[in-house]
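Structure record follows, encoded as structure tokens.
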Amino acid sequence: MQISYQLTAEDYRHAFYAFRNRNSSLRLRNRIMLVVAGLCLGLLIAGTIINADTPAGTVVVLLILLYWGYCRWYAPRMIGRKMMAGPGASGARTVEISENGMHDRTEVSDSKMTWNLFVGWNENNEVFALFPSAISFLPVPKRAMTTEQQDEFRTLLQKYVRP
């Protein structure tokens, strides 16, 4: 199967979300952190309303929550924009996908990747995210594929790459 596409900042953002939720323990951790952050923020707001003298610890906790919110919601957008600044990220690419792996061609690169290069993968509604290492990801947008191609790609990933 051969697909052609041009990556966007949104593809990287969606791949980052898939990377962040790559297994059930990470999904559970993210949900617990969201509940804890919401409770802390609610308690901070209630405490500030009830007591006008805001202790320094409350301000520190509020700053930590604001930083966590930044990392959670804004950082993926920033990562997407930074990834698009690279010379090879924004150009048109053609990817041949087969039983042997993937052959990715752009204006500035030509690379072949066998399936054993990838340590994992995940998908969401927008992209397939392939993980060449535990700390990096490669987005493959679903908009570049038909439903049949998506099913075929998913089957290859299930067969050759650990989920």
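Summary of values
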read-out	value
Cα-based reach from K159 at 28 Å (exclusive), listing lysines while leaving out same-chain residues under 8 positions away	K112, K142
Cα extents of region 73-139 along the three principal axes, largest first (Å)	37, 27, 22
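FYI, it's all coordinate maths here, none of it is from the lab. Please read these numbers as outputs of a predicted model, since none were measured by experiment.
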